Amino acid sequence: MQPKTRHLALGAVIGVLAFILIALVVVIWVAYSGAYNVSATQGHLPFVRWTLETTMKNSISDRAESVQAPSLSESMVTAGATPYKSMCAHCHGGPGEEQSEWASGMLPEPPHLPDVISEWKPSEVFWLAKHGMRMSGMPAFGPTHSDDEIWNITAFVMQLPGMTEETYASFDTESSGEHGH
Ligand code: HEC
């Protein structure tokens, strides 16, 4: 290597190290100073929101690719209704049912599932319900529920977009598998 090229290479290495050092100092400063507002009453900055949402969508679709979805039967839909109503509806609502008042104070606010679920595949809903989503308030049901139970809920959730209020209301909240904890 010529002395000049060596100088350039050394300069580049020092530049990169300085950049990493400054980035570290900024991260540590943000963490310790309390300057970042974590409240749920103020939304994320647009670029933070874009990063989080895009990361979330791609992370879930990527991981759900290895999930083998069973064919979702009518009996699974029925079996999934009660657990959906007792474990998901206070955050996500249902046909003719609003989310609980407290859930509207969450950030991100849990979406009304009948409106958004057509954007998701069954394997993705299953993956999401099983593993949850860190730092969002979406719980993981995998540690407490079997895959079969989560597939039942998934089968029910996939029916939500076309479901009438009457059909939704006709599913019993008391009977079948899930007992309130
Ligand atoms: C404590 C509230 C809460 C409960 C209970 C809950 N979720 Fe969620 N859920 C969330 C939040 C918050 C998000 C993230 C919304 C976001 O980031 O846009 C979410 C996201 C989702 C999404 C992705 C929707 C989208 O387009 O953003 C699905 C599907 C979902 N939940 C299904 C379920 C199912 C099924 C259950 C019940 C087994 C459930 N959730 C229970 C809060 C909850």
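Please treat every number below as a calculation from the coordinates, not as lab data. Every value quoted in this text rests on a predicted model; they were computed, and no experiment measured them. Glycine also receives a Cβ, built like all others from the backbone with ideal geometry; neighbour counts cover every protein chain displayed.
Just a few scattered comments:
- Rounded to the nearest 10 degrees, the angle from helix 147-159 to the longest Cα principal axis of the chain is 80 degrees.
- What the phi angles of region 74-81 give under the Karplus curve with 6.51, -1.76 and 1.60, with θ = phi - 60°, is a coupling list of 4, 5, 5, 4, 4, 5, x, 5 Hz, glycine and proline written as x.
- Between region 48-120 and region 139-166, the alpha-carbon center distance in angstrom: 8
- Order of Tyr36, Tyr168 - criterion: other Cβ atoms within 10 Å of each residue's Cβ, fewest first: Tyr36, Tyr168
- Max mean-square fluctuation residue, GNM over the chain, Cα-Cα springs under 10 Å, options Phe171, Phe47, Phe156: Phe47
- In straight-distance terms, cross-link reach from Lys57 covers every one of the lysines whose alpha-carbon lies under 28 Å from its own, apart from those fewer than eight places away in the same chain; here that gives Lys85, Lys121, Lys130.
- Label-point separation, Arg49 to Glu165 (7 Å along Cα→Cβ), nm: 3.0
- Applying the Kirkwood pairwise sum to the alpha-carbon positions of region 32-118 produces a hydrodynamic radius of 15.9 angstrom.
- Acute angle (nearest 10 degrees) that the helix 3-33 long axis makes with the longest principal axis of the chain, alpha-carbon atoms: 50
- Computed over the chain with a Gaussian network model linking Cα atoms closer than 10 Å, the most mobile of Ser100, Ser118, Ser33 is Ser33.
- For region 62-181: rounded, prolate or oblate by the Cα gyration tensor [a/c cutoff 1.5]: rounded
- Chain lengthening between Val38 and Ser73 when straightened (0.36 nm per residue, less Cα-Cα): 8.3 nm
- Segment Val116..Thr144, full-extension length gain: 7.5 nm, with 0.36 nm per residue of separation and the alpha-carbon distance subtracted.
- Each other residue within a Cβ distance under 13 Å of Thr154 adds +1 if Lys or Arg and -1 if Asp or Glu, for a net charge of -2.
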